[in-house]
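Asks: Before we start, here is the structure in question, set down as structure tokens.
The values are calculated or read from the model by the stated rules, or taken from the named source; none is laboratory data. Here the structure is a predicted model, which is why all the values come from computation and not from measurement. Please note: Cβ atoms are built from the backbone with ideal geometry, for glycine as well, and neighbour counts cover all protein chains shown. Remember, those area values only see protein heavy atoms, side chains included, never the ligands or the DNA or RNA. Shrake-Rupley method; radii C 1.70, N 1.55, O 1.52, S 1.80 Å.
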Amino acid sequence: MSQQLITIKEASQWASELLKRDINESNISYLVQYGKVKKYNGGNSIYVDINDLKNYYNSYFGKREINWKKRLGDDLNWALSFDNLREKDTTKHVHRLHPYKGKFIPQLVKYFIDDHVDDFKKEIYFKQGDIILDPFAGSGTTLVQAKEIGMHSIGIDISRFNCLITEVKMLDYNFNTLEKDISDIKSTILNFESDNKIDQFDSELQYQLSIFNNKFFPSPEYKYKVQNELIDEGDYAKQKEIEFFQIYEKLVKKYNIKLKQNKENTFLDKWYIENIRNEIDFAFSQIKKIKDITSKKALAIILSRTIRSCRATTHSDLATLVKPQITTYYCHKHKKICKPLFSIKNWFERYALDSLIRLKYYDKLKTNSFFSIIAADSRTVDLFEEIQKRNHLFYGHLKRHKIKGIFTSPPYVGQIDYHEQHAYAYDLFGFKRQDELEIGPLYKGQGSEAQNSYIEGVSKVLINCKKYCVDDFDFFVVANDKYNLYPTIAMRAGLKVVNKFKRPVLNRTERDKSPYSEIIFHLKNQ
């Protein structure tokens, strides 16, 4: 097949026409950068072969819905895949304020709770002014969306840190004060020096890495070869990893860099290089001095987001943490030799700016609806008592109108330890961990005992929540119910399943990209 070379701009226009949706130039550049399609140089322009694009889109987009339905069933609701969205759409404004495993995308919440969603097939379950509850609030996606559309909301979570993430998203800020506090803390951190040799060491290391990677892992040529199996990635990468490690060792000795801390008693002791640990402790000591409580909380989340990115681990191991990485290594994600981080300064500055932009953007979208975030056990919490303590006006509204329904996603059985995913934050902030109260945690496994415990836990949550709801409530529960537990849960909670929406889950972060679905259970009183 002869080559048909077109520019990036022409490629975006061609792909947009093919897929009947907007494919911009940055989307095409991404395919080139990551070796999905081959790059051709021509003067001042970059070209791609239209045949490469056809192969990519036919294999990835054009046939995806058909293939997924073959494997997961024709009852798959493809409209709920939201496959037309880019990552920046699903992580818009405060939804990306802090990483959080196991959250649903905001568009899914919006589809079910917003009465202005443009879908003539969709029933209307909620309206502006209703109260919605999320008893497994996580990082607050339901609450954020509710406030955007003018619904009142209550979020409950057993994790104190999860509640802080949600709170920072929802709070009202004096942005003049917040900007000044961020600027002051940023300057203080940038001027702090724990080891005056670190900057020189890191600069020389990056210089040597640049030379080495440009020579042995040129981008995107190397990625294209790996993508098309024109090179044995495993053997080649291992050989080059060993070669560069010798350069790294010499630099560590030259600058007398201390990598490991003296102890490994806590998460902060084990997973951070010594200089980064010193910077973290200093930064937190400065944040604690801030007088404005909303600024203090926002900066705490910025610092938490920063230190999550600065753990001594590989880029492909950020979610699981196998072992501390304090040397250079071949990175399967970036297809080159990468290094651990030696300072939080650049990341803190980047996240501070990004967080401020996101908070300001969401501030323009928020309504003045009530919200409340409660750190408690959803099986036993007294919502009337908790709301009365926090907001008398909201309490009066709640007593008069009650909760219209729930939109939530309980933990899946044996998949995530929700406290452990933010272990660094619990260490730093001194929050009490309540792992033993988690429902369906990873450490309990997925056996019959864990399943029975899960059924009991979720049932008790729903039973408790019903007490605060209108008679004709609507509960929406998002679950990957591979063990078919929710019919039993519904029965035990005095509920009935009136509908099920089976949706494909796209754009997952796990390496296993095989077709995967989840169900949104619509539950009502029996």
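Asks: Report Asp235's accessible area, 1.4 Å probe, all protein chains in place, as a number in Å² to the nearest 10.
Replies: Number for this one is 110 Å².
Asks: Assuming R0 = 51 Å, what is the FRET efficiency of Leu72 and Asn176, from their Cβ-Cβ distance, to the nearest 0.05? Walk me through the numbers on the way to the answer.
Replies: Numbers: r = 51 Å, r/R0 = 1.00.
Once rounded, the FRET efficiency stands at 0.50.
Asks: Moving on. With a 1.4 Å probe and all protein chains kept in place, how do Lys402, Lys460, Lys223 rank by accessible area, largest first?
Replies: Details: Lys402 75, Lys460 100, Lys223 25 Å².
Putting Lys402, Lys460, Lys223 in descending order of accessible area: Lys460, Lys402, Lys223.
Asks: Separate question: Using just the alpha carbons, could you tell me how many Å³ per residue the convex hull of the range 191-285 encloses? Could the numbers behind the result be given before it?
Replies: Details: hull volume 14.6 nm³, N = 95.
Dividing the Cα hull volume of the range 191-285 by its residues yields 153 Å³.
Asks: Could you state the accessible area per residue of the range 174-357 in Å², with a 1.4 Å probe and every protein chain left in place?
Replies: Using a 1.4 Å probe on heavy atoms only, each residue of the range 174-357 averages 52 Å².
Asks: Report the gain in length on full extension from Lys333 to Lys467: 0.36 nm times residue separation, minus Cα-Cα distance, nm rounded to one decimal.
Replies: Working: separation 134, 0.36 × 134 = 48.24 nm, distance 4.83 nm.
So the extension gain works out to 43.4 nm.
Asks: What distance in nm separates the two pseudo spin-label positions at Tyr40 and Ile211, each 7 Å out from Cα along the beta-carbon direction?
Replies: 3.5
Asks: Give the carbon-plus-sulfur fraction of the accessible surface of the chain in %, rounded to a whole number; probe 1.4 Å, heavy atoms of protein chains only.
Replies: Values: 12110 of 25650 Å².
Answer for the chain is 47 percent, counting heavy atoms of protein chains only.
Asks: Students sometimes get this wrong: rank His397, His334 by accessible area, probe 1.4 Å, all chains present, largest first.
Replies: On the way: His397 30, His334 55 Å².
Of His397, His334, the descending order of accessible area is His334, His397.
Asks: Let me ask something additional. Can you give the translational diffusion coefficient of the range 3-60 in µm²/s, computed by Stokes-Einstein from the Kirkwood radius over Cα pairs at 20 °C and 1.002 mPa s?
Replies: Details: Rh = 11.2 Å.
My calculation gives 192 µm²/s for D.
Asks: Oh, and also: Relative to the longest principal axis of the chain, what angle (0 to 90°, nearest 10) does the C-alpha long axis of helix 175-191 take?
Replies: 40
Asks: What distance in nm separates the two pseudo spin-label positions at Asp354 and Asn51, each 7 Å out from Cα along the beta-carbon direction?
Replies: In this crude label model, Asp354 to Asn51 measures out at 4.0 nm.
Asks: Take Trp78, Trp14 and sort them by solvent-accessible surface of the protein heavy atoms, 1.4 Å probe, largest at the top. Write down the numbers at each step before the final one.
Replies: On the way: Trp78 30, Trp14 60 Å².
Ranked from most to least accessible, the order is Trp14, Trp78.
Asks: Please give, to one decimal in nm, the separation of the simple spin-label points placed at Glu87 and Asn525, each 7 Å out from Cα toward the Cβ.
Replies: Reported label-point gap for Glu87 and Asn525 is 4.6 nm.
Asks: Report the gain in length on full extension from Tyr361 to Arg21: 0.36 nm times residue separation, minus Cα-Cα distance, nm rounded to one decimal. Numbers along the way, then the final one.
Replies: Values: separation 340, 0.36 × 340 = 122.40 nm, distance 2.55 nm.
Taking 0.36 nm per residue and subtracting the Cα distance, the gain is 119.9 nm.
Asks: For the range 3-60, what is the accessible area per residue in Å² when the probe is 1.4 Å? Mind showing how you got there, number by number?
Replies: Working: 3330 Å² over 58 residues.
Value returned for the range 3-60: 57 Å² of accessible area per residue.
Asks: Using only the Cα atoms of the chain, what do you get for the radius of gyration and for Dmax, in Å?
Replies: So, for the chain, Rg and Dmax equal 25.1, 73 Å respectively.
Asks: Go through the chain and flag any cysteine with no other cysteine's C-beta closer than 4.7 Å, please.
Replies: Here Cys163, Cys310, Cys465, Cys469 come out as lacking a disulfide-compatible partner, given the Cβ-Cβ threshold of under 4.7 Å.
Asks: Over the range 264-396, what per residue volume does the convex hull of the Cα atoms give, in whole Å³? Provide the component values of the computation, followed by the final result.
Replies: On the way: hull volume 24.6 nm³, N = 133.
Per-residue hull volume (Cα only) is 185 Å³.
Asks: Rounded to the nearest 5, what % of the DSSP beta bridges within the chain are antiparallel ones? The partial results should precede the final answer.
Replies: Working: 23 of 39 bridges.
If I count the DSSP bridges inside the chain, around 60 percent turn out antiparallel.
Asks: Under the 0.36 nm per residue contour assumption, what length would be gained going from the current alpha-carbon distance of Lys260 and Ala79 to full extension?
Replies: Numbers: separation 181, 0.36 × 181 = 65.16 nm, distance 4.97 nm.
In short, 60.2 nm is gained.
Asks: Where does helix 293-309 land angle-wise versus the long Cα axis of the chain, in degrees 0 to 90, nearest 10?
Replies: It works out to around 50 degrees.
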